[in-house]
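The next block holds one structure in the form of structure tokens; read it before the comments.
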Amino acid sequence: MSAALPPANSHSDLGSHKVKSPDSLKRKLSKSSSKELDEEEVRSGIPAKRLALDPRSRQCPYLDTINRSVLDFDFEKLCSVSLSHINCYACLVCGKYFQGRGQKSHAYTHSVQEGHHVFLNLETHKFYCLPDNYEVVDSSLDDVIYVLNPVFTPAMIKQLNLSSKQCIAYDGKSYLAGIVGLNNIKANDYCNVIMHTLSHIAPIRDYFLREENYKGIKAAPGDRMIMVPHRFGELLRKLWNPRNFKTHVSPHEMLQAVVLCSKKRFQITKQGDPIDFMSWLLNALHLSLGGTRKLSSSIINKTFRGKMTVYSRMIPTSEVTESERLALEQSGAYEEKVEENQFLYLTCDLPPMPLYPDELKENIIPQVPLASILSKFNGVTEKEYKTYKDSTLKRFEITKLPPYIIVFIKRFTKNQFVYEKNHTIVNFPIKNVDFGELLSEEVKKSHKYTHYNLLSNIVHDGEPKSGVYLAHILHKGSGKWFELQDLHVMDRLPQMIPLSESYIQVYELNKSIPNKSYVPPTKAAGNGASATEEAMSVAAEEAGPAEEAGPAAAEIGPVAAEEIGPVAAEIGPVAAETA
């Protein structure tokens with residue numbers, strides 16, 4: 001016969017421990033997952049609320065040991081011993097990260113060995129005193145929380161473009177919010193200039209400073225691209241933080257997300273191309289925010305996407321025989337084709353540099369006006385594109401100007417033998433650049449404003465393989481120009497900016513100068529049929545023709561579709577010339 005089971009409240013064969021019901025274990029597990037409790041709290045059954053009631057919570061004697069000068073929350077939040085992200089704490093005395101606070105945890109061991117007692121939970125933003133294990137409640141620690149996670153209200157964001165107030169860091173140095181250095185870990189200056197530029201584009205900055213705008217975005221299981229907007233928003237909040245402990249920021253977490261999500265295409269140990277990185281970053285943000293081909297589907301499209309018409313026609317080459325040429329003409333291969341495309345930035349070509357200087361050894365570095373290289377997009381100028389078997393003449397006509405225009409000046413030429421840089425200086429005005437000169441009369445009537453002001457100027461300084469990238473940024477609050485090269489920040493006169501070798505420029509729409517030829521759209525009153533037709537045409541423009549999702553749809557700037565995700569083709573095509 002089988003032995004009788006002991007009663008439910010019996011302690012035989014179980015020592016002195018009581019048998020806990022499954023319901024109580026489930027409640028404790030749910031509480032630990034929702035409030036990020038430590039293993040020690042789950043074992044002992046002490047809830048977090050009871051820890052806050054400890055009489056020592058508001059009278060911690062170790063608050064004067066906190067060293068704010070060593071606190072740096074820019075690096076990845078993982079334990080310095082176990083390299084684990086789970087339940088990570090920051091020691092506020094030495095600035096290192098440790099895991100847990102139970103008796104066998106690394107944070108507990110560190111507090112006993114080193115005599116460091118005040119720790120901050122990087123997830124729940126609560127302070128604890130170890131090894132006594134009680135929560136510390138003190139309003140004097142609010143500045144530490146704000147440095148860890150800056151929060152911006154709508155009223156604060158409205159003042160960013162108006163305020164020229166100098167901020168004071170913990171070490172006594174003064175700085176302007178948004179004009180702070182970015183640490184160059186090894187060779188990531190090409191990333192720093194792009195992040196500096198994007199942080200001063202008002203729609204992008206205002207959107208990502210409010211974490212509520214993208215916090216609830218749903219991502220597919222295993223989709224790593226969702227890290228990009230979160231890390232980018234965190235970096236922007238630190239750049240614009242008016243209460244920083246130091247006058248520079250390290251983009252360590254953002255760059256780690258870039259390396260991971262781009263499959264090591266962009267690295268921090270090897271210099272890359274800023275235009276490639278910017279194109280990848282903008283498209284990655286667009287896709288992560290749920291953007292589609294519509295111009296109003298994301299903050300990225302609303303800010304940078306424009307539209308253009310591309311006219312292309314093949315021309316016969318000398319290798320084509322007469323019979324082949326006649327066959328191609330009959331098949332319609334030489335007829336002009338029209339294609340509606342979207343563009344993210346405009347690629348401008350520089351004239352080739354002279355091989356030899358003149359007799360006076362002058363004009364070694366030629367100069368060209370900005371209007372000359374932008375004439376490529378006026379719908380009249382044709383450019384020939386040669387391949388190994390045929391040649392194509394293309395001309396580009398802009399049909400819709402975006403609020404912010406990115407101009408990419410193609411300076412580098414690479415082939416199988418050499419990697420050359422064109423040192424031609426582009427002469428451009430700082431204010432009131434009229435892009436309406438590129439539009440046809442019909443298209444110009446639909447734009448209320450066509451003048452743009454320069455907002456950012458990215459420069460490549462030095463030789464092709466050994467040069468560095470720096471950015472000229474306009475701080476709107478103070479109206480001053482600054483040069484930012486990694487950690488170096490200095491003032492710049494506006495007259496000196498056009499003398500540099502510009503590589504990427506960002507122009508902002510100037511709404512103070514109206515377009516005189518602008519014709520307001522007709523209202524619906526008295527003309528319901530025409531208003532309906534106009535609304536349908538606008539909707540069709542935003543949706544785009546179905547043919548655009550063909551082979552050219554993969555050309556989203558220089559970014560390969562497979563590196564962003566399978567839905568990259570939904571963004572819409574960008575002409576090879578505009579990307």
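Assorted remarks:
- Filter pass, Lys386 being of a type outside the set (Asp, Glu), open to solvent by 20 Å² or more (accessible area, probe 1.4 Å) and modelled with pLDDT of 90 or more: no
- Unique residue being crowded, with 20+ Cβ neighbours inside 10 Å and closer than 28 Å to Ser440 by Cα when the list is Met278, Met314, Met308: Met308
- As a summary of the residue check, Val433 satisfies the conditions (1) under 28 Å from Pro352 (Cα atoms); (2) exposed (fewer than 15 other Cβ atoms within 10 Å of the Cβ) except for the one numbered (2).
- Which listed residue is out of contact with any Leu (no Cβ under 8 Å at 6 or more places or on another chain), at pLDDT below 95 and of a type outside the set (D, E, K, R), from Ser296, Ser250: Ser296
- Of the residues making up the range 88-112, just one is part of a loop (DSSP other than H, G, I, E, B) and out of contact with any helix residue (DSSP H, G or I) (no Cβ under 8 Å at 6 or more places or on another chain), namely Lys104.
- Filter result for Lys448 (under 24 Å from Leu198 (Cα atoms) and surrounded by fewer than 18 Cβ atoms within 10 Å (Cβ to Cβ)): no
- Pick from the range 457-477, criterion open to solvent by 40 Å² or more (accessible area, probe 1.4 Å) and touching a residue at least 60 places away in the same chain (Cβ under 8 Å), ranking: nearest to Glu501 (Cα to Cα): Val468
- Whichever residue in the range 147-161 is outside any loop (DSSP other than H, G, I, E, B) and of a type in the set (A, V, I, L, M) and, among such residues, is farthest from Ser69 (Cα to Cα): Ala155
- The set of residues in the range 113-156 being within 23 Å of Gln99 (Cβ to Cβ), of a type in the set (Asp, Glu) and surrounded by fewer than 18 Cβ atoms within 10 Å (Cβ to Cβ) consists of Glu114, Glu123, Asp132.
- Only listed residue being within 21 Å of Phe482 (Cα to Cα), modelled with pLDDT under 90 and polar (S, T, N, Q), chosen from Ser163, Ser174: Ser163
- Pairing each residue of the range 263-279 that is touching a residue at least 12 places away in the same chain (Cβ under 8 Å) with any residue that is open to solvent by 70 Å² or more (accessible area, probe 1.4 Å) and not acidic (Asp, Glu), provided the two are 6+ apart or on different chains, yields C-beta distances under 7 Å for Ile268/Lys186; Thr269/Lys186.
- Filtered by the rule that a residue be closer than 19 Å to Tyr134 by Cβ and within 29 Å of the chain's Cα centre (by Cα), the range 49-108 gives Asn87, Tyr89, Ala90.
- Inter-residue pairs, beta-carbon under 8 Å, first over 13 Å from Leu393 (Cα atoms) and in the range 325-336, second surrounded by 13 or more Cβ atoms within 10 Å (Cβ to Cβ), 6+ apart: Arg325/Pro316; Leu328/Met314; Leu328/Pro316; Leu328/Val320; Leu328/Tyr334
- Pairs where the first residue, in the range 238-259, is within 12 Å of Tyr170 (Cβ to Cβ) and the second is among the aromatic types (Phe, Trp, Tyr), C-beta under 6 Å, 6+ apart: Arg243/Tyr146; Phe245/Tyr170; Thr247/Tyr175
- Restricting the range 66-102 to residues that are among the hydroxyl-bearing types (Ser, Thr, Tyr) and at pLDDT 95 or above, the residue that is surrounded by the fewest Cβ atoms within 10 Å (Cβ to Cβ) is Tyr97.
- Condition check for Met308: more than 30 Å from Pro464 (Cα to Cα), without any contact (Cβ under 8 Å) to a residue 60 or more places away in the chain and not in a loop (DSSP other than H, G, I, E, B): no
- Segments classed as strands (runs of 3 or more DSSP E), wholly inside the range 322-434, with at least 3 members that are of a type outside the set (Phe, Trp, Tyr) and within 21 Å of Phe304 (Cβ to Cβ): 337-343, 346-349, 391-400, 404-410
- Candidates Asn422, Asn341 - the one that is surrounded by 13 or more Cβ atoms within 10 Å (Cβ to Cβ), touching a Lys or Arg at 6+ places or on another chain (Cβ under 9 Å), in contact (Cβ under 8 Å) with a residue 60 or more places away in the chain and more than 25 Å from Ser298 (Cβ to Cβ): Asn422
The values are calculated or read from the model by the stated rules, or taken from the named source; none is laboratory data. Small disclaimer: the values here were computed from a predicted structure and weren't measured. Every residue, glycine among them, receives a Cβ derived from its backbone with ideal geometry; neighbour counts consider all protein chains shown. For the accessible areas, the whole protein counts, side chains as well, though only heavy atoms, and no ligand, DNA or RNA atoms are used. Shrake-Rupley method; radii C 1.70, N 1.55, O 1.52, S 1.80 Å.
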